[in-house]
Structures are given as structure tokens and as C-alpha cells.
Amino acid sequence: MTDPALANALAQIELLKLRTSEIISEIERLNLEQEAVYEKLDKLSHFVKIWHELADVPPPPMEERITPPAKEKNGKRAKNPPREVVVEMALGIIREQGKPIGRKELYDALAVRGIVIEGKDPLMTLNTMLWRSSDKIQYIKPLGYWIAGTPYDPAQQVMDVSGGRFDL
């Protein structure tokens with residue numbers, strides 16, 4: 001029998017993990033929006049400057065300008081969500097599906113949930129993140145990623161009567 005306090009604490013941990021990933025996704029979304037705003041601000045400021053030059057009209061006194069944070073230098077790694085967040089979200093998706101999931105399908109499902117993996121080869125970046133968390137997630141050839149330490153027997157899958165197919 002599970003202790004109610006322990007069960008409550010474990011449930012709260014899962015909720016906090018989900019909330020953390022939601023916050024990270026929201027921060028990423030806001031960073032992209034901020035970047036677009038700065039880009040538009042720069043274009044408009046440039047237009048106003050050129051207009052004043054071409055019209056031979058002195059510009060108005062400069063107001064305090066909001067400047068974007070310094071951009072990362074070329075060659076730096078893409079800023080990805082923490083591996084732990086990616087792995088927890090991936091495990092949640094796998095649990096929802098109830099079956100192993102291929103890398104591309106998992107990548108797409110993460111993107112739908114706001115987890116964006118970047119890099120020269122984003123699928124390989126995801127693969128590396130998951131491989132480095134082999135204590136939590138494993139790859140079952142040729143089926144896909146599955147919960148580490150949890151047996152998977154496709155024969156136990158229930159036939160989907162409505163679709164007339166096996167849900168593998």
C-alpha cells in the first residue's frame with residue numbers, strides 16, 4: 001500500500017516537471033517573438049533615419065532606444081531545452097501513446113508541445129539527448145523509443161476493433 005503523502009509528493013513532482021517544460025516552452029516562444037519585434041524595430045529605425053537624411057530634415061531628439069541583447073556569435077551551439085526536460089516530455093508522449101515511438105514521430109510530437117530541438121541535424125541532436133538518458137529511455141530496434149526498464153510486448157497490444165488493425 002502506498003503512503004498518501006508519498007503519492008501526493010510524487011504527483012506534485014510530475015506536475016512541476018510538466019509546468020517547468022511549459023515555462024521553458026513559453027520562454028522560447030517569447031524569445032522568438034522578442035527577436036521579431038527587435039528586427040522590426042531595427043528596420044523601422046533604419047527607415048526613419050534614411051528618410052530624415054533624404055528629406056534633409058534634422059531628426060527629432062533621440063528617445064531612449066530599446067536595444068536587443070547581444071546575439072550569440074556564429075559557431076556557438078544552438079540553445080536547446082535542458083535534456084532532462086526533453087526526456088521527461090518524451091516519456092510523457094510515449095506513455096500517452098502506449099507504444100514505442102520512432103525518432104521523427106517523437107521529434108514532431110515534441111515540437112507540437114513547444115519543445116523545439118535545434119542544431120545542424122535536429123533529429124540527431126534529439127537522438128543524442130535520449131541516448132545520454134539511457135537510464136530513463138531506451139531504443140527498441142526497429143520499433144522506436146520506449147521507457148527504460150519497462151518490458152514491451154507487442155503481443156499484449158489490444159486490437160483496435162474500430163480500425164480493424166493492431167495498435168503497434
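Here is a yes/no grid of residues against (1) in a loop (DSSP other than H, G, I, E, B); (2) touching an Asp or Glu at 6+ places or on another chain (Cβ under 7 Å); (3) at pLDDT 80 or above; (4) outside the structural domain of K99 (by TED's automatic domain parsing):
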{"site": "L123", "(1), (2), (3), (4)": "no, no, yes, no"}
{"site": "N127", "(1), (2), (3), (4)": "no, no, yes, no"}
{"site": "L130", "(1), (2), (3), (4)": "no, no, yes, no"}
{"site": "S134", "(1), (2), (3), (4)": "yes, no, yes, no"}
{"site": "Y139", "(1), (2), (3), (4)": "no, no, yes, no"}
{"site": "P142", "(1), (2), (3), (4)": "yes, no, yes, no"}
{"site": "W146", "(1), (2), (3), (4)": "no, no, yes, no"}
{"site": "G163", "(1), (2), (3), (4)": "yes, no, no, yes"}
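Anything in segment 21-41 that is under 16 Å from the mean Cα position of the chain (by Cα) and not charged (D, E, K, R)? List them, or say none.
Scanning segment 21-41 gives S21, I23, I24, S25, I27, L30, N31, L32.
Applying the selection to segment 94-118, what residues are surrounded by fewer than 19 Cβ atoms within 10 Å (Cβ to Cβ) and in a helix (DSSP H, G or I)?
Of everything in segment 94-118, those that are surrounded by fewer than 19 Cβ atoms within 10 Å (Cβ to Cβ) and in a helix (DSSP H, G or I) turn out to be R95, E96, Q97, R103, K104, E105, D108, A109, A111, V112.
The values are calculated or read from the model by the stated rules, or taken from the named source; none is laboratory data. Note that the coordinates shown come from a computational prediction; the quantities given were computed from them, not determined experimentally. No Cβ is skipped: glycine too gets one built from the backbone with ideal geometry, and neighbour counts run over all protein chains shown.
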